[in-house]
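What follows is a single structure, written as structure tokens, with notes after it.
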Amino acid sequence: MRKQIVAGNWKMNTTPEQGVELVKSILKGIGTHCGSVNYIVCPPYTHLSEVTKITRGTNIRVGAQNCADEAKGAYTGEVSAEMIASLGVDYVILGHSERRQYYGETSEKLNKRLNLAYANGLVPIYCVGETLEERESGKLWDVVKAQLEEVVFGLTDEQFRKLIIAYEPVWAIGTGKVATADQAQEMHAFIRKTLTVKYKELADKTPILYGGSVKPDNAKEIFAKPDVDGGLIGGAALKAEDFLGIGAGF
Ligand code: PGA
């Protein structure tokens, strides 16, 4: 049985004060919703210190939305994996399509980030996914396979054991256009098959999350698919009720 995970990617939203309020509301609601679901919140860097403090000893874990591709030094504006981990953060989202698209993150840079994350005890949530054009031209399988081969295939078995994958079709992110449960399952099964080539039975344990316009009213159908182990949630993670409502989809 794989872990069931609902992770909230807050992106560049909320002030630190609003973020604390949001986490408090999630904590308040979680008593009735939690069950077997592992909830993770990924607020902006500026909130991490406070959010890790108020979630300590609770059922919510904390993740960052990125980390630097260098360990330390003269990299103005960057935040290192070590800094993040030292706050008690457990996870880090890497390779989100917005990072690839707007900040030119390449596989080479992502390899460095993943290694630094592991070196500091962080569990990466590595994102893959195709654009609409890539889907429509039938390139989706090659695109996702390359995103896996170029980054994940460099990991040792020990590192791979701690990896979470998020499949996020770019055309479904923030657009309200959700992939059908069957489209999600088809790609998740493909991802697992691709990972199995290198990591054999270990790939059976890898949580693969779906992301892209997940809401409380579509989560249940998507999560019911055998290779979907949860969700990476953007917009709907900014409301405690919706975030927990998605978790209730399991
Ligand atoms: P969305 O974002 O749920 O707002 O579509 C998902 C994500 O980008 O992780």
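Once you order the gyration tensor axes a ≥ b ≥ c over the Cα atoms, which shape class does the stretch 5-44 get: rounded for a/c under 1.5, otherwise prolate or oblate by comparing a/b with b/c?
oblate
Once phi is turned into θ = phi - 60°, what whole-Hz ³J(HN,Hα) does the Karplus curve with 6.51, -1.76 and 1.60 give for every residue of the stretch 214-220, x standing for Gly and Pro?
In residue order, the calculated couplings are 6, 9, x, 7, 10, 4, 4 Hz.
Would you order 153, 160, 243 from fewest to most other beta-carbon atoms within 10 Å of each residue's own beta-carbon?
Least crowded to most crowded, the residues run 153, 160, 243.
So what J values fall out for the stretch 143-148 if you push phi through Karplus, 6.51 cos²θ - 1.76 cosθ + 1.60 with θ = phi - 60°, rounded to Hz, Gly and Pro as x?
5, 5, 4, 5, 4, 7
Relative contact order for the chain using alpha-carbon pairs under 8 Å, separation at least 6, rounded to a whole percent? Working shown, then result.
Details: 484 pairs, mean separation 54.9, N = 250.
Worked out over the chain, it gives 22 percent.
What list of ³J(HN,Hα) values in whole Hz, one per residue of the stretch 124-137 in order, does the Karplus curve 6.51 cos²θ - 1.76 cosθ + 1.60 (θ = phi - 60°) give from phi, with Gly and Pro shown as x?
Listing the rounded values in order: x, 9, 8, 9, 9, x, 9, 7, 4, 4, 5, 5, 5, 8 Hz.
Post the alpha-carbon centroid distance, the stretch 151-192 to the stretch 104-130, in whole angstrom.
Answer, in whole Å: 14.
Taking other Cβ within 10 Å of each residue's Cβ, how do 25, 213 sort, fewest first?
In order of increasing Cβ crowding within 10 Å: 25, 213.
The stretch 9-97: which chymotrypsin sites (Phe, Trp or Tyr not before Pro) are DSSP loop and have at most 13 other beta-carbon atoms within 10 angstrom?
75
Which of 225, 193 has the fewest other C-beta atoms within 10 Å, and how do the rest follow up to the most?
Going from sparsest to densest Cβ surroundings: 193, 225.
Only the coordinates and a few stated rules stand behind these numbers; no lab work does. This one's a predicted model, so the numbers in the text were calculated from it and none came from an experiment. Cβ: placed from backbone, ideal geometry, glycine included. Neighbour counts: every protein chain shown.
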